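To start, I am sharing the structure in question, which I have written as structure tokens.
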Ligand code: 5AD
Ligand code: SF4
């Protein structure tokens, strides 16, 4: 058994990062013959992409995917640790799985992802959920065939959560959700240690993939017909800072753009590392999409300091202006936390004022959730739940107002849309995203799926738009 350890995660400065190639032993390739797997994913795009890797590994082991949990032989929950509410959902879901295992004892069930990297979660599983079969962490995904093999052999809980500063495993296969757009990891982990955030503990030290591996992955995706890549990392603009080379995110973005892929996106950017060179590269390369997710978290300098965000409100606004001046057409979105310890009414008003200034295209907003092991969890949480909820509601009203205003500007305009699929709600309608990441529902023939088309926007909603194809590209 290997359990996670937060003290190690905190004090990992001088540890080295190993890169190796994924391999699967021949004798593990038919373990899943005639067996079905079901996987449920919580959390961010990084987790979604990990799930794509897990699915491909399971299919190499001959498992077949199924979308009904009750019919599966193997059930996995790929979890998120960023806020407490997912923990409640996951433990609730475990109740359903336990129930199923009572009638189908052969079912193998496990937890992976960020919650598995939390000491307190693993302790809880070891005391109250011992009937689970496997627990593995974010650093062990490549080892899934062995972990599963061991659990099947032992017929008792197998916990494999590496608490290492982090590794890089190249060559893990992926069963991608889309045939047209793909996630490409460019770096793993985070060294920022914002005081509220669990990611540096659950995902390890910042480590950048080498550029050749990234460029090769993008070129392979182009050969397979992909039109869009999203470069993924917790803090993508710190790319390269951990490598011994003078090559950073601006250079990487440019090189990815030069592969000729139709669309390049990147998430998430930390305002601290966003350079002028990056802005120039985005401006000069038409295939880098004018969409920037730039989490601000708070509009108050007192709170930004307590959060350990390393920038002030003024610095954020300066960067925001610089981006908007260079890229006036771009859309900028953000993340905001309300109810951080010691956030006064006046601090919160400063956040509202900042939103009034930036008029974000949209924002993800959250109530602060204390995460055990982080510095903010030790701060006195002195705001009542009612007050936090009120602040969230007030903020959301403002955010929605500006989302709608931002969308309104598109009415009657013609914009490029990558048409991905049928709309979830209506099979007669197509859906896709503009270059600026606006969701558009489109009247049109299914032959357009998998192409980028000029779409005239005919109607505006708060979270989406309607449009029609005006001229075939
Ligand atoms: N509580 C509330 N929100 C959080 N986030 C990260 N950690 C917490 C926390 N402890 C939010 C931040 C981040 C987004 C992914 O989740 O806004 O940008
Ligand atoms: Fe968490 Fe992002 Fe801060 Fe890293 S930069 S600690 S991932 S909020």
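What follows is calculated from the coordinates using simple rules that are stated; it is not laboratory data. Predicted, not measured: the structure shown is a model, and the values here were computed from it. Neighbour counts run over all protein chains shown; Cβ positions are idealised from the backbone, glycine included.
Take the Cα of residue 302, step 7 Å along the line toward its Cβ, and report every residue of segment 321-360 whose backbone nitrogen sits under 15 Å from that point.
Of the residues in segment 321-360, 339-352 have backbone N under 15 Å from the label point off residue 302.
Please give the calculated 222 nm ellipticity per residue for the chain, where each DSSP H segment of at least 4 residues contributes -39500 (n - 2.57) and the sum is spread over every residue; nearest 500 deg cm²/dmol?
-10500 deg cm²/dmol
Place a point 7 Å from Cα of residue 67 in the direction of its Cβ. Which residues in segment 16-49 have their backbone N less than 19 Å from it?
36-43, 48-49
Among bridges DSSP assigns within segment 130-238, what percent are antiparallel (round to 5)?
Bridges in segment 130-238 that DSSP calls antiparallel: roughly 20 percent.
Test of understanding: extend the Cα→C-beta vector of residue 19 to 7 Å, then name every residue of segment 196-216 with backbone N under 20 Å from that spot.
204-216
Another question about this same structure. Can you tell me, using C-alpha contacts under 8 Å and at least 6 residues apart, the relative contact order of segment 292-449 as a whole percent?
Computed over segment 292-449, the figure is 19 percent.
Given labels modelled 7 Å from the Cα in the Cβ direction, how far is it in nm from residue 154 to residue 272?
For the pair residue 154/residue 272, the computed spacing is 3.8 nm.
Sort largest first and round to whole Å: the equivalent ellipsoid semi-axes of segment 1-126, each the square root of five times a Cα gyration tensor eigenvalue.
26, 21, 13
So, one more: Taking the simple approach of a point 7 Å from Cα along Cα-to-Cβ for both residue 29 and residue 359, what is their distance in nm?
Here the modelled spin labels are 5.9 nm apart.
While we're here: Calculate the spin-label point distance for residue 283 paired with residue 314, positioning each point 7 Å from the Cα along the beta-carbon direction, and give it in nanometres.
So the label points at residue 314 and residue 283 sit 2.4 nm apart.
Over segment 347-473, one equal point on each Cα, no solvent: what is log10 I(q)/I(0) by the Debye formula at q = 0.17 Å⁻¹?
Once normalised to I(0) and log-transformed, intensities are -0.86.
Right, here's the next one. Over the chain, what is the relative contact order in percent, taking alpha-carbon pairs closer than 8 angstrom and at least six residues apart?
RCO, the chain: 11 percent.
May I ask you to derive the FRET efficiency for residue 470 and residue 411 from their Cβ-Cβ distance with R0 = 25 Å, giving the value to the nearest 0.05?
0.95
If R₀ is 30 angstrom, what is the calculated FRET efficiency for the pair residue 89 and residue 213, using the beta carbon separation as r and rounding to 0.05?
Rounded to the nearest 0.05, the efficiency is 0.30.
Once the mean 1/r over all distinct Cα pairs of the chain is inverted, what Kirkwood radius in angstroms do you read off?
Kirkwood hydrodynamic radius for the chain: 23.7 Å.
A follow-up question, please. Full-extension gain between residue 400 and residue 191, please, as 0.36 nm times their residue separation minus the C-alpha to C-alpha distance.
72.0 nm
Write down the percent of antiparallel bridges among all DSSP beta bridges whose residues are both part of segment 319-459, to the nearest 5.
Here the share of antiparallel DSSP bridges comes out near 70 percent.
Report the antiparallel proportion of the DSSP beta bridges in the chain as a percent, rounded to a multiple of 5.
Taking every DSSP beta bridge within the chain, about 30 percent pair in antiparallel fashion.
Just order 432-441, 149-158, 196-205 by mean Cβ neighbour count inside 10 Å, highest at the front, would you?
196-205, 432-441, 149-158
Taking R0 as 45 Å, what FRET efficiency do you get between residue 386 and residue 220 from their Cβ-Cβ distance, rounded to the nearest 0.05?
The value I calculate is 0.30.
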